[in-house]
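One structure is given here, and the rest of the page talks about it.
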Amino acid sequence: MLQRHRREVSLIVAILVIGAVLAVVAPGFFTFANQRDLMLANMPVLIVALGMVLVILTGQIDISVGSQFAICSVATGVFARMGLPTPLAGAAACLVGALMGGVNGALVAWVRIPSIVVTLATMVALRDGLRWVTQGAWVQGLPPGFQWFGQSQAASELITAGCAAVLAVGMNWGLRNLAAGRVVYATGSSPNAARLVGINPRLVVFAVFVLTGALTGFAAAFNAVRFLQIPSNAGMGLELKVIAAAVVGGVAIAGGRGTIAGTLLGVLLLSMIGPGLTFLGLSAYWERAVEGAIILAAVAMDAVRVRSGIHADIVSAQAA
Amino acid sequence: MRTSLVLKQRRPWPEICFPNGEWVLALALAVEIAVFSAIGENFFTWSNFFEVVRLSVELGLLALALTPIMITGGIDLSVGSIMGLSAVVFGVLWRDGGLPIAAAVGAALLLGCLAGLLNAVLIAKLNLPPLIVTLGSLSLFRGMAEGITKGAENYSGFPAGFLRLGQGYLWGVVPVQFSVLLVAIAAYWVLLHRSAFGRTLYVVGFSPSGARYAGIPVQRRVALLYFLSGLVASVAAVIYVAHLGQAKSDAGTGYELAAITAVVLGGTSVFGGRGTVWGTVLGLFAISVLQNGLRLAALPSEMTGVLTGVVLVLTIGLGRLRARAQRNEATIDEADSMKNSQLAILCCAVVGGSLIVAGTNIWLMRSLRPADIAPARTAARPGKRPVIAMMPKSKGDPYFISCRAGAEEAAKEAGVDLIWDGPTGLDPAKQNEVVEGWITRGVDAIAVSVENSAGISTVLRKARARGIKVVTWDADAAPDARDFFINQATPEGIGFTLVDEGARLLGGKGEFAIITGPLSAANQNSWMEFMRQRVAAQYPGMKLVAMRPSDDDRDKAFAETQTILKVYPKVKLIVTISAPAVPGSAEAVQQAGRKDVFVIGLSLPNLCKRYVHDGVVQAVVLWNTKDLGYLTVYTAALLVEGRTGQGSLQAGRLGTVEVRGSQVILGKPFIFNKANIDRYDF
């Protein structure tokens, strides 16, 4: 058990250490209000990470999610302005996301261009395309019922948290217990073996990209309703945060290995660091350095603890 | 049909010249050159060729360093950050440490080696995936650079002999740093393609365990590559500093992605085992020619990203299709290779899908604000209308977009053609490139909102030497590098106004916090400096307890403000000095229900109207941005016609405008509040 989940254990240790320091030095960190705000602020990372885990599990990667997020945010606002009720506008944004994910997926699965090339291309193209079309203008003048889905703030936050929790728990369960979840692991471990047992690996790859796009749209819509206007530069650097959370959470970049639970721990650790350092009163100038050091320390921990004998695999372990 | 793994005796010439299918890329490059020769001005000239080369040296070095790493199946995301850290340490040692230039360069290179060594140890020794390690060190190194300089420190004033490395020319035409790139290309070519060492890297990339059984010390080989990449990144840093004449913590931001793009465009497989130096060089030039060509054709820089994406998918896609057609292997993986007709349908579907995405986007935005999306003015007409090129600090920033509206208006009135282009994010190196492009293209006047004075002044002087009129607006360059500065407000004026307004609200005493843009933003840093001075001199009762970055991101400003409100419950005033961040801070205060906290800042009236009316935001300090754009273009037009007088000038609808020395004065910073905000629409 400990052997199999050593990254998760390392993470839990790291989280506990940081948590203990914070509990002693800045108990205010653990107030309900702060935890709620942190959860909501990191909700987009979490939801997108759920999709990203699947993509990475199949041995692919998607670095265009930040750009997709920006487009879906703007789309939510534009649909709402056209008169769609907010939930429908959100659903439409999911569709837009799924469409973009579909383009990525088709190029990866059937034209067989490596996913990092495809999503690098769509990342720059979508981001610059959006800039070109909007010229940086924000979406303003949203209908009055847009914010909080027309509910109260507390109710809307509860809906958001509920949806994210259901998604996370459902996907964690589904990945373990449903055939649709197992084929993702099978495809990532060995596409050829997967084919031989009757799985269509290309369809699986296509599907996970579409799902990631849809989840990105979902996250963008839920994020958009927290505000009164929608900037056109949202989601800058989101892809790095999401990938960092997944790989720190023990998802193997080569595919086939990793869990939703580990990723959630990764999101939790990374989301604690920034605000945690503010609570500790660290100067903003050194924050990024400390963040980087903590990531390195967390992943180095399990390597140092259990020195695996298979040195030769160092390179294969990373090929995306 | 099965082909065995026997090496062919005689290879046809295309395979010798393009061993990795680089012909697709070479073709793409040729098409680019042909198109831009037709539509760009002064594109197909020797001087422009060397200009392209000069601007791609730093990126080229990083791409070269990444090529062998990616051939072994690894990746190094930290190269851009190593550049930043080396540049900063070089500046510190030279200016503050008093080391001679050569010793400082040596120390910077040594630091690059150490940074590379850290990556190497973690990856090769501890067996960690390179993606995570370099993702972590990307933050670590950039963070150290920010920590050392406090984001603001900008080292400049390097001796001319050193600057020649990045700005000088050999025999009057060949840029000095080109020689460094050539040496690096030759070295990496020998290393990869003409040495046993290089062959082993391909073996490692194909099969690490196989390589180990063949007796190759995989760990040591891989470690050496990351070490080398640290060294090369610091060489790039030294050239970057010499090129821009300044060392700042944001040096090389985002370069890792551009370098990776060049490498994969060059046909290097991200799975390892495939790739050539030749391909990387072609990929590098495909990107830099595209950027340069778009500039010379006066097309908007957003097209760069879109076209880069298209070129990337097309070249790699075509290369894959060709490789598959050639191999025709019956491996399990390929057994279901599709018929051509299916493939054609699929390609159509993909292209169709992308068109739908693009189309809906455009259509949606049209439905949103039809007036705002007028097509950008493209190439100048052949007539004799003067061409004025105007650059914002960052194209996507709402602040600059509102300046543009005024600029377009003045261009129409004064009868000039306006080119509006600039970096899409804060990037001093990009600003230089754009100005260089305009000099090559030959415009009549250049108007720049300067991100980093030390860096851009050299190019602006060059422009003046070529007889181009230079105006700075929004933020100034060195006084001898421009004819006029359109002074909308001094940093002093902005800093003092913000503090005075804050002190008025707080009654002269209490705690306050600042939310800034990115930590390294030059403007914000100088405003904060004056804010601190004012507080120290005038308001002993006020105390700055926290300063947090927002990276010009509304959502980040929101989260940072939430945290500040909780960590510092006594904070009664948030001063947010980035246009997109003010609504974020306001929303955070509103949602927290903290009616006792004031928010003031520097932003656009349109972004803040609702919060001002709700009483969350008390004051927004700014000037009339439309007038700023208008006055800038009008002054440039007068300059070109030689009609600028002493003491004042006649600027169209603004009437008589005061000129103080070489500064055109727009007016004082203006405070927007509940009473007057509805009168302004920008």
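The values are calculated or read from the model by the stated rules, or taken from the named source; none is laboratory data. Being a predicted model, the structure only gives us computed values, none of them experimental. Neighbour counts are summed over all protein chains in view; Cβ atoms, including those assigned to glycine, are modelled from backbone coordinates with ideal geometry. Accessible surface areas use protein heavy atoms only, side chains included; no ligands, DNA or RNA. Shrake-Rupley method; radii C 1.70, N 1.55, O 1.52, S 1.80 Å.
Assorted remarks:
- Residues of chain B were split at every exposed loop site, defined as trypsin sites (Lys or Arg not before Pro) in a DSSP loop with at most 14 other C-beta atoms within 10 angstrom, and the longest piece left, sites excluded, is B:11-193.
- Distance between the range B:146-172 and the range A:213-283 - C-alpha centres, whole angstrom: 37 Å
- Modelled label reach - B:Ile39, point 7 Å along Cα→Cβ, the range B:273-310 residues with backbone N closer than 15 Å: B:290-308, B:310
- Adding -39500 (n - 2.57) for every DSSP H run of four residues or longer, then dividing by how many residues the protein assembly as shown holds, sets the calculated 222 nm ellipticity at -20000 deg cm²/dmol.
- Estimated at 0.36 nm per residue, the fully extended path between B:Tyr169 and B:Gln650 surpasses their Cα-Cα distance by 169.0 nm.
- For the range B:395-469 and the range A:93-114, distance of Cα centres in Å: 38 Å
- Taken along its principal axes, the alpha carbon cloud of the protein assembly as shown reaches lengths of 83, 69, 59 Å, longest axis first.
- Residues whose amide H falls under 5 Å from that of B:Ser648, counting only those 5 or more places apart or on a different chain, are B:Val659, with hydrogens built in the peptide plane.
- Chain A: relative contact order as a whole-number percent, Cα under 8 Å and 6+ apart: 34 percent
- The range A:32-305 shape via C-alpha gyration tensor axes, a/c threshold 1.5: oblate
- Structural descriptor for chain B: relative contact order 14 percent, calculated from alpha carbon pairs under 8 angstrom and at least 6 residues apart.
- Along principal axes, Cα extents of chain B, largest first, whole Å: 84, 61, 56
- Derived scalar couplings ³J(HN,Hα) [the range B:466-475; Karplus, 6.51 cos²θ - 1.76 cosθ + 1.60; whole Hz; x for Gly, Pro]: 8, x, 8, 6, 10, 10, 10, 9, 6, 9
- Cα gyration tensor, the range B:186-275 - rounded (a/c under 1.5), prolate or oblate: prolate
- Surface composition of the range A:91-213: carbon and sulfur atoms hold 71% of the protein heavy-atom accessible area at a 1.4 Å probe.
- Counting only other chain Cβ atoms within 10 Å of each residue's Cβ, the peptide B:145-155 averages 3.
- Net charge of Cβ neighbours under 10 Å - reference B:Gly84; Lys, Arg +1; Asp, Glu -1: 0
- Cα-projected label distance for B:Val31 with A:Ala165, points at 7 Å along beta-carbon direction, nm: 5.3 nm
- Axis angle, to the nearest 10 degrees, between helix B:218-244 and the longest C-alpha principal axis of chain B: 40 degrees.
- Once the C-beta distance of B:Asp96 and A:Leu16 is scaled by a Förster radius of 45 Å, the resulting FRET efficiency is 0.65 to the nearest 0.05.
- Amide H contacts under 5 Å for B:Ser550: B:Thr516, B:Gly517, restricted to partners 5 or more places along the chain or on a different chain, H placed in the peptide plane at 1.01 Å from N.
- Global geometry of the range B:117-196, whether rounded, prolate or oblate, following the gyration tensor of its Cα atoms and the 1.5 cut on a/c: oblate
- The range B:491-622: translational diffusion in µm²/s, Stokes-Einstein, Kirkwood Rh over Cα pairs, 4 °C, 1.567 mPa s: 92 µm²/s
- In this structure, the residue pairs whose Cα-Cα separation is over 27 Å, taken from B:Lys395/B:Lys509; B:Lys248/B:Lys626; B:Lys556/B:Lys609; B:Lys150/B:Lys570, are B:Lys395/B:Lys509; B:Lys248/B:Lys626.
- Threshold 50 Å², the range A:174-203 residues less accessible with all protein chains present than alone (1.4 Å probe): A:Asn192, A:Arg195, A:Arg202
- Leaving ligands and nucleic acids aside, the A/B contact buries around 9300 square angstrom of accessible area in total at a 1.4 Å probe radius.
- The range A:236-249 - phi-based ³J(HN,Hα) in whole Hz, Karplus 6.51/-1.76/1.60, Gly and Pro as x: 5, x, 4, 4, 5, 4, 5, 5, 4, 4, 5, 6, 4, x
- A crude spin-label estimate for the pair B:Lys543 and B:Trp46, with each label 7 Å from Cα along the Cβ direction, gives 6.8 nm.
- Springs join every pair of Cα atoms under 10 Å in this Gaussian network model of chain A, and among A:Thr278, A:Thr86, A:Thr160 the largest mean-square fluctuation is at A:Thr278.
- Calculated FRET efficiency, A:Leu240 to A:Ser283, Cβ-Cβ distance, R0 = 25 Å: about 0.65 to the nearest 0.05.
- Phi-based couplings in Hz for the range B:18-26 (Karplus 6.51, -1.76, 1.60; Gly and Pro marked x): 10, x, 10, x, 6, 4, 4, 5, 4
- Charge sum, other residues only, whose C-beta stays under 14 Å from A:Ala245's C-beta, Lys/Arg counted +1 and Asp/Glu -1: -2
- Among the residues of A:224-235, the average count of other protein chain beta-carbon atoms within 10 Å of the residue beta-carbon is 5.
- The range A:14-67 and the range B:630-668 have Cα centres lying 53 Å from one another.
- Solvent-accessible area per residue for the protein assembly as shown (1.4 angstrom probe, square angstrom): 37 Å²
- B:Arg504-B:Asp678 FRET efficiency (beta carbon distance; Förster radius 22 Å; 0.05 resolution): 0.50
- If you take all other residues with their beta carbon under 14 Å from the beta carbon of B:Leu565, and give Lys and Arg +1 and Asp and Glu -1, the sum is +2.
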